[in-house]
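The values are calculated or read from the model by the stated rules, or taken from the named source; none is laboratory data. Because the structure is a prediction, the values reported are computed rather than measured. Cβ: placed from backbone, ideal geometry, glycine included. Neighbour counts: every protein chain shown. Just the protein is used for accessible areas: all its heavy atoms, side chains included, with ligands, DNA and RNA removed. Shrake-Rupley method; radii C 1.70, N 1.55, O 1.52, S 1.80 Å.
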Amino acid sequence: RQIAAIENEITRYLASIAPIEITAEPKIDGLSLSLRYESGDLVHAVTRGDGTTGENVTANARTIADIPQRLAGDPPAVIEVRGEVYMTKQDFAELNARQEAAGKQTYVNPRNTAAGSLRQLDPSVTAERPLKFFAYAWGEVSELPADTQMGMIEAFRDFGFVTNPLMEVFDSVEGLLAHHHR
């Protein structure tokens, strides 16, 4: 009954849209990053900072393999791609093993290690860390390349970004919940 109630509420709220599509997007625990591209070239990378003013980390972001320096395909003239810089648990464990073997201090958790790595003053230190990036949202854009969330994710892939392979679109709350339980 709860599934039916949820679906009825969504259908009522979005009555003008048929069929309803629900995008499931797993949360990645990392550091939020906004990348600004102009004419396909990366020009700025900034953290969320205090929510109003971000920190310029462009030089460090350029060292992350998952962040294209130049977008592929036919991107809009201006596009701000938002995503998450993170470190996998396996990469984190391997980094800590290297730290320990070198007699250096180990790190507490992958999220803080990824955040600290991106905010380093020395980009060569950032380059040594196993950082990854998933693109999942957008800010300013001169022309939207798609009109749905999943369409934008597909456009990001076309531009050369890595996106979360666990994202899926469902036509029912039941399918969404089954995906969540998997």
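Highlighted here are the helices (runs of 4 or more DSSP H) found entirely within region 106-161 that include at least 3 residues which are buried (at least 17 other Cβ atoms within 10 Å of the Cβ) and touching a Phe, Trp or Tyr at 6+ places or on another chain (Cβ under 7 Å): 110-118. Contact annotation: residue pairs with Cβ atoms under 7 Å, 6 or more positions apart or on different chains, pairing a residue in region 170-182 that is under 17 Å from I20 (Cα atoms) with a partner that is of a type in the set (D, E) and open to solvent by 50 Å² or more (accessible area, probe 1.4 Å), are D171/E21; S172/E7; V173/E7; H179/E168. Would you confirm whether or not region 61-80 contains a residue that is under 28 Å from F159 (Cβ atoms), at pLDDT below 95, small (G, A, S) and surrounded by 13 or more Cβ atoms within 10 Å (Cβ to Cβ)? No, region 61-80 contains no residue that is under 28 Å from F159 (Cβ atoms), at pLDDT below 95, small (G, A, S) and surrounded by 13 or more Cβ atoms within 10 Å (Cβ to Cβ). Can you pull out the residues in region 32-60 that are in contact with a helix residue (DSSP H, G or I) (Cβ under 7 Å, 6 or more places away or on another chain) and open to solvent by 20 Å² or more (accessible area, probe 1.4 Å)? Of everything in region 32-60, those that are in contact with a helix residue (DSSP H, G or I) (Cβ under 7 Å, 6 or more places away or on another chain) and open to solvent by 20 Å² or more (accessible area, probe 1.4 Å) turn out to be H44, A59. Screening M87 with (1) surrounded by 14 or more Cβ atoms within 10 Å (Cβ to Cβ); (2) in contact with an Asp or Glu (Cβ under 9 Å, 6 or more places away or on another chain) gives one miss only, at (2). Here A101 clears all of (1) touching a residue at least 60 places away in the same chain (Cβ under 8 Å); (2) open to solvent by 70 Å² or more (accessible area, probe 1.4 Å) except the condition numbered (1). Test T23 against the stated conditions and say whether it is at pLDDT below 95, surrounded by fewer than 19 Cβ atoms within 10 Å (Cβ to Cβ) and among the β-branched types (V, I, T). Considered against the rule, which asks whether it is at pLDDT below 95, surrounded by fewer than 19 Cβ atoms within 10 Å (Cβ to Cβ) and among the β-branched types (V, I, T), T23 comes out as yes. Does V169 satisfy the criteria of being out of contact with any Leu (no Cβ under 8 Å at 6 or more places or on another chain), modelled with pLDDT of 95 or more and open to solvent by 20 Å² or more (accessible area, probe 1.4 Å)? Here the answer is no, as V169 does not meet what is asked.
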